[in-house]
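The values are calculated or read from the model by the stated rules, or taken from the named source; none is laboratory data. It should be emphasised that the depicted structure is a prediction, and the values quoted were computed from it without experimental measurement. Cβ placement follows ideal geometry from the backbone for every residue including glycine, while neighbour counts extend to all protein chains displayed. Please note that ligands, DNA and RNA were not included when accessible areas were found on the heavy atoms of the full protein model with its side chains. Shrake-Rupley method; radii C 1.70, N 1.55, O 1.52, S 1.80 Å.
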Amino acid sequence: MSDAAQGTSDLTGAGALTRFVLRRDRVRILVWVMAIGVLVVSTAASVKGLYPTQADLDEAAAASHDNAAALIFNGPDQALDTMGGQIAFQVASFGLIMVGLMNLFMVGRSTRAEEESGRMEMLRALPVGRHAPAAAALVVATLMNVTVGALVALGLLSQDLPTQGSIVMGVGFCAMGLVFSGITLVAAQVTENTRVVYGVTGAVLGAAFVLRAAGDVGDGTLSWLSPIGWQQKMRPYAGESWWPLLLSLAATAGLVAVSVVLAGRRDVGSGLVAPRPGPPTASGWLGRPVGLALRIQRGSLIAWGAGLLLTGVSYGSVANDIEEFVNDNDTVGDIIARSDGGSLVDSFLATSLLMIALIGSGYTISSVLRLRSEETAERAEPVLVTRVARSRWVASHLAMALAGSAIVMVLAGFGLGLTYGIASHDLGQAVRVTAAALAYVPAMWVLAGVALGLFGLFPRAVSAAWGVLAACFVVGLFGDLFNLPTWVEDLSPFGHIPEVPGGDFTLVPVVVVLAVAAALLATGFAGFQRRDVG
């Protein structure tokens, strides 16, 4: 029945849906905005402590000037001899990536994920307008971006930084987030699969980072093609410029308009690009649970593998330059110099592998949580009413998570080691770094155990696994910088993995981490055996 026949407009019900999303995702929303705000403010406070005098700032600025590794990681060289400029340099790049991810997951969850689950179709049977769900998602994302921007600005002002620069910084974070909410809205119109939406938007975010990095080490032209670059072109604390904000606002308006047009050209639940029809008969392999799990998850595995391979390649390409940069940059040095007795390059490679393993844990968790998606989409029951046992069905998807974690780490380690080996004229580094990458896999399996444990015991709380990953990020990358207590750092499984390459590999802590992973996985298996499906 058409909206006109139902007596509704395209936006009827948008207000009620907005309130529903705010109530349903209130914890998720709070975690995202507070995590980004705390990250920016705590990093600003740490940078102030590292550079207490003008001489320290001058030294740091000289170290970063024309340093390709510094510009790739952090952004353009803008007023680095000032406290505000140095803080913007240290925090903006990573913080903006988090803002992009926040919008990717929030908008994707409220739009395509709802359609994929079939809940949107039931909702549209009520007096709800065609564009109301997307409008609600956009309003919630906008509120989150405004809140993040306000927290960033107020937090930087609390560090006694200049008012205009702090406001520009906060507004830039908000504007970049709006652009990626629009990109996710457009992606949600194109495909029927939520993970493809995440993959496409994540690829755009990665491309934005690469364009910004390439522009900053070049003449700056490519940076104008990146939403991340637009924020940094506003030059917080470096002679603020407001007009690049218009680029973000215009892009957001254009993307939202495109999404509205595209939404009018498809049915609820479908995408503009229809999936290819399958063969008339399925192979015998698909009749087995593990074959079906591989078919369902292979696209995600390929996307994550390709993304982490490129990440490894990008890190490896700057490894040879890192020693010069780290020697004169205390902030990055505090993050990278983790190994005792190893070279700075090996410490950088170990930190890069840790970061890649943390990112790759996103695949691990999403792969395990596919079980919950299959259950809520009511695709699990038709499988479980056959002769397939529950444990066998769970094990099939878990095998994808565990084996996939190792595969993505091998690809990332190979890319990291190969590019570093080419730069250092030692191709043996490809084998050494690839082997080191596998050392981080047991920690990723612990997160798989956390996700499976939540699925088995508390299926409505499976999203908490992402919160555990976020905590591991903070502890693993900033634990030393923030002087976190040792017992807090010990809570992260990644903190017990030997820092390789460079450090001494000891087997005992790895075995303990594997035992913890096994216990969590067994708990998840046992929990799922004892609860109802659905």
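The table that follows gives values for the structure above.
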read-out	value
Packing-based ranking, highest mean first, of 290-297, 505-512, 430-437 given that Cβ atoms within 10 Å are counted	430-437, 290-297, 505-512
Percentage relative contact order, the chain, counting C-alpha pairs under 8 Å, at least six apart	14
Derived scalar couplings ³J(HN,Hα) [the stretch 459-470; Karplus, 6.51 cos²θ - 1.76 cosθ + 1.60; whole Hz; x for Gly, Pro]	x, 6, 10, 4, 5, 4, 4, 5, x, 5, 5, 4
Under-5 Å amide H pairs with residue 237, H placed in peptide plane, nonlocal only	165
Largest to smallest accessible area among 28, 372 [probe 1.4 Å]	28, 372
Selection from 376, 231, 509 lying farthest towards where the dipole of the chain points positive, charges on Cβ	376
FRET efficiency for residue 160 and residue 126, using Cβ-Cβ distance with R0 set to 56 Å, rounded to 0.05	0.60
Charge sum, other residues only, whose C-beta stays under 13 Å from residue 19's C-beta, Lys/Arg counted +1 and Asp/Glu -1	+2
The chain, helix-only ellipticity at 222 nm - DSSP H runs n ≥ 4, -39,500 (n - 2.57), divided by all residues, nearest 500	-24500 deg cm²/dmol
Net charge dipole size for the stretch 71-215 [Lys, Arg +1 and Asp, Glu -1 on Cβ; Debye, nearest 20]	340
Highest average packing first - 394-401, 239-246, 444-451, Cβ atoms within 10 Å	444-451, 394-401, 239-246
Shape category assigned to the chain from the gyration tensor of Cα positions, a/c cut at 1.5	oblate
Around residue 227: net Lys/Arg minus Asp/Glu count, Cβ-Cβ under 13 Å	+2
Options 145, 483, 88, ranked by Cα towards positive dipole end of the chain, top entry (Cβ charges)	145
The stretch 158-170 - phi-based ³J(HN,Hα) in whole Hz, Karplus 6.51/-1.76/1.60, Gly and Pro as x	5, 8, 6, 8, x, 5, 5, x, 5, 5, 4, 4, x
Charge context of residue 404, other residues only, Cβ under 14 angstrom, K/R +1, D/E -1	+4
Total charge dipole magnitude, the chain, about the Cα centre, Cβ charges on Lys, Arg, Asp, Glu only, Debye to nearest 20	2960
Only Lys, Arg (+1) and Asp, Glu (-1) charged, at Cβ; the stretch 341-436 dipole about Cα centre in debye	320
Estimated vicinal HN-Hα couplings, Hz - the stretch 91-100 in sequence order (Karplus 6.51, -1.76, 1.60; Gly, Pro = x)	10, 5, 4, 5, x, 5, 4, 5, 4, x
By average C-beta atoms within 10 angstrom, highest first, the peptides 197-205, 123-131, 452-460	197-205, 452-460, 123-131
Dipole-positive endmost among 453, 347, 406 within the stretch 334-459 (Cβ charges, Cα centre)	453
